[in-house]
Every structure is written in structure tokens, then in C-alpha cells.
Amino acid sequence: MGMPDDAPIIDLMLSLPILDLEATYGNLRQAAKDGESRENFKFPAEYMFKGVPHGWGEGRDPVEVTLEEMDRWGIRTALIGVGRGAADDAIRKHPERFVGNVHVDPNDIMGALRTIEKAKAELDVRMASTFPAGNVPQIPVDGAQMYPLYAKCCELDIAVGLNMGVPGPRVPMDPQKVERLDRICYDFPELRLVTYHGCEPWEDLAVKLMLKWPGLHYCTSAFAPKHYPKKIVDYANTRGADKILYAGYFPMGLSLERIMTEMRNVPFRDHVWPKFLYENARRVLKLDP
């Protein structure tokens, strides 16, 4: 069968047009020490990606142009970051198409908790996330500042999203070592945790930990489908069909055209596709059928 043509895709990493690059990525530019990142890159991991759709959507209504692109490629629902006017309006006006992910910096512990509570109350967000290696200062995923975030997400019954593995931006990787997830899953057995951005080069360990911990999941963000790690594809095809979720990277680094075109060549077994494209995300985010 291969990838179904009529699957109601849920994308765990999609954004409205990103036009103010400094506001979006300025903190990472300042955190880097090499001249190329600080002075030349528009996008913090620009050395890794070709054909980044910079300027996409310029001059158009951001919600309208995003919905057009989603409809073109069969994406029913997108998880988008909240805290910007257009994104928040999109969630309020189109709750069947957009759900919220609130990004926080746990260096401000109480501020992060209040931000999560407000986003849940006002926008019914389904995830709280952070970029451990990208926070300034950095915070290990098993650091003390992170534990109130995990507890709050358990209390509110929302998922947590964490970038894991070697980060693309040129900042140190230590906060995102995959081995650090083991203690988190032990201490928070109720937590639904989704890893972003690949877990490389420790994807084998990520598989071991997903086998061990029921609440731990993996999404495919920031990877063109032809580069999905073999270990992850093999795991989805065997014991991990319920643990691997689709996430793109549009328009941050990849076009939906490239993602969806390459996706058809991913060797998932037939029973994996509906789980990967929408069923697992619906369960983890607790979305209505």
C-alpha cells in the first residue's frame, strides 16, 4: 500500500511564515561563538540545509497562506508555537486545524510555569516545549530547572517536547544527551514526552529507552524523509509503531513539497503509516477523533 493518499496528517512541527528572522533566531546567533553563525547565517543551522524557504508567505495573510499550503499537501492539523498574535488568532479561529505548543525558557522557573498555565487556559495548548541546548544559559534536560516544567505538564495533562541529540546550531550538545531521558522517565511515569530533531548520534539508545518507558516518543522533525535514521524506521516497523510520530520542518528548514515527495519512499510497513501520520499524534496530544 505505501503512504496512503487520504491520510488526515497531523504535523508536529509547522509554523506560520517566519519573516522576522532576528526575533526568531537572534538568541541563538548571540549564543554562538563562531563568526559564520553570528554574522552570516540567517538560520542557525544553515550549513545543514539547502533551499530553506526564507521569505515564504511574505505579503500574504499568514493564516490564509499557511492553510493553503497545508491543504495542498493533505495536512489536517498542525502543532504551532503560541505567543505571537497571528498564531494565537489561528488557533482561536481554526481550532480544528491548529493546536498550540507553548515554548518556554526554564531558566525563569516561575515565569515558565505561569506561561504554560496561561497558554493552557487561553488556548488549550497540548504541549510545552523547550530547546535545552539553545536556552541561555543552557539547561540539561534532567536539570533541576526542568523538573517543575515536567510536573506542571503532568498536572495539566499535556505533552512535553524536547530537542534531543547533537544540536544543529553551533552550541554545546551536553544538555541534549539522550541518556539523560532515562531519569526523567523514571521520575515522571505519567509524562508524555516527545523528542524532537533526531536524537542523533544516539538514536539506538533512544529506541532502547522507548522500549523501556511507555511515555517516551520520537518525532521526525528537521529530517528530510530520505534521511530518517534507519534504526528509527526499523523500530517503527517492528515494536515501535505506536512510538514514532510525523513532524516536518516547514518553513523553518524544509519545504512541504520536499517532505511529502520524499515521504513516499520511506519503507514503512502498511500498518505503520496511519499511526505515524496521525493516530499517534492524536493520542499523545489528546486530540478529538
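Selection of the range 56-85 for residues being modelled with pLDDT of 95 or more, closer than 30 Å to Gly111 by Cα and either surrounded by fewer than 20 Cβ atoms within 10 Å (Cβ to Cβ) or not hydroxyl-bearing (Ser, Thr, Tyr) (or both) yields Pro62, Val63, Ala78, Leu79, Ile80, Gly81, Val82. Out of Arg269, Arg264, Arg192, one residue alone is buried (at least 18 other Cβ atoms within 10 Å of the Cβ) and among the basic types (Lys, Arg). It is Arg192.
To keep it simple, each residue is scored yes or no on (1) farther than 17 Å from Pro4 by Cα; (2) in contact with a strand residue (DSSP E or B) (Cβ under 8 Å, 6 or more places away or on another chain); (3) modelled with pLDDT under 95.
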site	(1), (2), (3)
Tyr228	yes, no, no
Asp234	yes, no, no
Asn237	no, no, no
Ala241	no, no, no
Phe250	yes, yes, no
Ile259	no, yes, no
Val266	no, no, no
Pro274	no, no, no
Arg283	yes, no, no
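Yes or no, residue by residue, for (1) within 17 Å of Cys199 (Cβ to Cβ); (2) within 19 Å of the chain's Cα centre (by Cα); (3) buried (at least 17 other Cβ atoms within 10 Å of the Cβ):
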residue: Asn135; (1), (2), (3): no, yes, yes
residue: Gln138; (1), (2), (3): no, yes, yes
residue: Val141; (1), (2), (3): yes, yes, yes
residue: Ala144; (1), (2), (3): no, no, no
residue: Pro148; (1), (2), (3): no, no, no
residue: Cys153; (1), (2), (3): no, yes, yes
residue: Gly168; (1), (2), (3): yes, yes, yes
residue: Met173; (1), (2), (3): yes, yes, no
residue: Val178; (1), (2), (3): yes, yes, yes
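From the list Met252, Met260, which residue is in contact (Cβ under 8 Å) with a residue 60 or more places away in the chain and either within 17 Å of Arg97 (Cα to Cα) or in a helix (DSSP H, G or I) (or both)?
Going through Met252, Met260 in turn, just one is in contact (Cβ under 8 Å) with a residue 60 or more places away in the chain and either within 17 Å of Arg97 (Cα to Cα) or in a helix (DSSP H, G or I) (or both): Met260.
The values are calculated or read from the model by the stated rules, or taken from the named source; none is laboratory data. Fair warning: this is a prediction, and the values are worked out from it, not measured in the lab. A quick note on method: Cβ atoms are made from the backbone with ideal geometry, for glycine too, and the neighbour counts reach across all protein chains shown.
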